[in-house]
Amino acid sequence: QVHLVESGGGSVQSGGSLKLSCVGSGRIGSTNAMGWYRQAPGKQRELVARVSSGSARKYADSVKGRFTISRNYARNTVDLQMTSLQPEDTAVYYCNYATRDSTYWGQGTEVIVSS
């Protein structure tokens with residue numbers, strides 16, 4: 001079993017920055033992907049960024065150049081540094097850990113960006 005806990009959400013003005021953090025516990029392996037998704041009101045959950053085996057990083061096109069994901073394998077953490085935030089980044093952000101057989105989610109942390 002895997003348990004994920006996010007922190008760091010909040011409200012910022014357009015152009016501001018926030019850092020989200022996720023701590024995982026349980027059977028977390030370095031070869032499995034860990035990352036962040038988000039779900040805006042009325043929209044489907046979408047990938048924001050993830051780190052896969054070999055530290056390969058994938059970003060959504062909408063956040064490239066503004067968000068940076070980092071993973072600490074020893075501490076089972078994954079952080080998302082968000083800069084130049086825009087109102088369209090407003091969403092609930094979820095930490096995610098995925099194996100071949102299972103997908104785990106945190107409880108979510110809300111990010112609100114005002115114009």
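The values are calculated or read from the model by the stated rules, or taken from the named source; none is laboratory data. These numbers were taken from a predicted model, which means no experiment stands behind them. Please note: Cβ atoms are built from the backbone with ideal geometry, for glycine as well, and neighbour counts cover all protein chains shown. The accessibility values were calculated without ligands, DNA or RNA, using every heavy atom of the protein model including side chains. Shrake-Rupley method; radii C 1.70, N 1.55, O 1.52, S 1.80 Å.
Taking the listed residues Ser30, Ser70, Ser11, Ser25, the one that is farther than 14 Å from Val111 by Cα, in a strand (DSSP E or B), touching a residue at least 40 places away in the same chain (Cβ under 8 Å) and open to solvent by 40 Å² or more (accessible area, probe 1.4 Å) is Ser25, with no other qualifying. So which of Arg45, Arg75, Arg71 is more than 12 Å from the chain's Cα centre (by Cα) and of a type outside the set (Phe, Trp, Tyr)? Arg75 is the lone residue from the list that is more than 12 Å from the chain's Cα centre (by Cα) and of a type outside the set (Phe, Trp, Tyr).
In segment 98-115, the residue that is farthest from the chain's Cα centre (by Cα) out of those that are assigned to a strand (DSSP E or B) and either under 16 Å from Ser7 (Cα atoms) or of a type in the set (Lys, Arg) (or both) is Ile112. Within segment 47-59, does at least one residue satisfy the condition of being farther than 22 Å from Val113 by Cα, out of contact with any Cys (no Cβ under 9 Å at 6 or more places or on another chain), open to solvent by less than 20 Å² (accessible area, probe 1.4 Å) and modelled with pLDDT of 95 or more? Yes: segment 47-59 contains one or more residues that are farther than 22 Å from Val113 by Cα, out of contact with any Cys (no Cβ under 9 Å at 6 or more places or on another chain), open to solvent by less than 20 Å² (accessible area, probe 1.4 Å) and modelled with pLDDT of 95 or more. Any residue that is surrounded by fewer than 17 Cβ atoms within 10 Å (Cβ to Cβ) and among the aliphatic types (A, V, I, L, M) - is there at least one of those in segment 80-94? Looking through segment 80-94, none of the residues is surrounded by fewer than 17 Cβ atoms within 10 Å (Cβ to Cβ) and among the aliphatic types (A, V, I, L, M). Candidates Ser84, Ser114, Ser53: the one that is in contact (Cβ under 8 Å) with a residue 40 or more places away in the chain, of a type in the set (Ser, Thr, Tyr) and out of contact with any strand residue (DSSP E or B) (no Cβ under 7 Å at 6 or more places or on another chain) is Ser84.
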